[in-house]
Amino acid sequence: MIQLPANISPAQDVLNSLQKYQEEIDALLTFEEKSAKTKQIFSNRNKIGNKVFDTIKLKLTQMCSGARRCVYCEDSVGDEVEHIHPKNLYPELCFNWGNYVYACGNCNGPKNNKFAVFRDSDGLFCEVNPHRGQKAMQPPSGEDAMINPRIENPLDYCILDISTTFEFVLLPNLNERKHKKADYTFNFVLRLNEREFLRKARANAYTNYKARLYYYTNKKNDGVQGQILHKMIEGIKGEAHPTVWQEMKRYHTLGILTNIDSELNELFIASPEALAW
Ligand SMILES: [Zn+2]
């Protein structure tokens with residue numbers, strides 16, 4: 001799961017069009033009515049050939065890592081406009097640009113409309129999605145209990161174990177609320193540790209990043225310059241599973257990489273510029 005760049009946005013006329021679309025929902029009188037109709041109203045607009053959503057998708061593509069990878073798993077193609085705040089629970093955010101990410105079906109399906117908050121009334125963790133067969137109820141006010149990749153860095157909550165398991169481990173110094181939020185997001189909603197193919201893909205990515213950095217460092221030491229090196233750098237930046245690369249750099253910066261992979265640690269010492277990629 002990656003934090004998306006904050007500096008990408010559609011032009012004002014597209015944001016204005018979204019606001020116009022939103023008025024159709026806002027005009028409905030009750031939460032129940034809004035919740036029930038928001039899916040259809042969204043589908044009516046989110047169609048191929050709708051210029052507003054063509055632009056939205058273009059901007060979401062620019063925010064993705066690598067070859068338009070899903071924000072959550074970083075593995076599959078992101079091809080579904082996903083609402084971070086589910087639209088049947090938060091119909092007022094159905095056409096809100098800041099509520100969109102590109103996700104894959106494997107993540108978006110199980111995530112569905114799962115969401116939770118820390119209720120303002122008593123501070124307790126509270127799942128707000130309806131149970132199967134039940135209608136959505138208006139969520140109580142409260143702080144989100146799900147990490148929002150549009151405004152937060154998931155790596156402030158977790159560290160990826162790049163030595164053996166390639167699982168996300170919650171950081172030990174989190175307060176109770178952050179710990180719950182991270183566990184809910186990583187393990188319960190998105191199942192980023194449970195899915196074995198994701199752990200394998202992260203392990204592969206580690207090998208790929210290391211091989212690319214090894215190749216780059218050797219070529220640089222051979223005197224290769226300019227466009228050829230630039231292409232190698234762009235190759236690393238476009239590689240799948242950028243969280244793995246972020247963590248390789250973090251381990252080095254924290255001084256713990258040398259115990260795990262001294263060879264990789266030496267590569268960062270030989271090519272410190274890589275820490276900025
Ligand atoms: Zn995914």
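The values are calculated or read from the model by the stated rules, or taken from the named source; none is laboratory data. Source: prediction; values computed, not measured. Please note: Cβ atoms are built from the backbone with ideal geometry, for glycine as well, and neighbour counts cover all protein chains shown. Side chains are part of the model used for accessible areas, which takes the heavy atoms of the whole protein and leaves out ligands, DNA and RNA. Shrake-Rupley method; radii C 1.70, N 1.55, O 1.52, S 1.80 Å.
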- Message: Suppose R0 equals 51 Å. What FRET efficiency, 1/(1 + (r/R0)^6) with r the Cβ-Cβ distance, do residue 179 and residue 222 give to the nearest 0.05?
- Response: 0.60
- Note on the structure: So the carbon and sulfur contribution to the accessible area of the chain, 1.4 Å probe, in percent, is 49
- Note on the structure: Taking the chain and counting helices only, DSSP H stretches of n ≥ 4 at -39,500 (n - 2.57) each over all residues, the nearest-500 ellipticity at 222 nm comes to -13500 deg cm²/dmol
- Reduced to Cα centres, the span from region 68-118 to region 227-254 in Å works out to 26
- Query: Taking the Cα centre of the chain as origin and charging only Cβ (+1 Lys, Arg; -1 Asp, Glu), how large is the dipole, in debye to the nearest 20?
  - Reply: 600
- How high is the relative contact order of the chain, in percent, with contacts defined as C-alpha pairs under 8 Å that are six or more residues apart? 17
- Query: Quick one: net charge of residue 275's neighbours, Cβ under 12 Å, K/R +1, D/E -1?
  - Reply: +1
- Item | Accessible area expressed per residue, region 1-131, with surrounding protein chains retained (probe 1.4 Å, Å²) | 46
- Query: What net charge is computed for the residues neighbouring residue 142, neighbours being all others with C-beta under 12 Å from the C-beta of residue 142, Lys and Arg scored +1, Asp and Glu -1?
  - Reply: -2
- Item | Under 17 Å from residue 20, Cα to Cα: lysines that are on another chain or at least 8 residues apart | 34, 37, 39, 47, 51, 87
- State in Å² the accessible area per residue of region 196-276; use a 1.4 Å probe, count heavy atoms of protein chains only, and round to the nearest integer. 54
- Item | Estimated inter-spin distance, residue 44 and residue 167, nm [label 7 Å along Cα→Cβ] | 4.7
- Pick out which of 151, 260, 48 has the largest mean-square fluctuation in a Gaussian network model of the chain, springs linking Cα atoms closer than 10 Å. 48
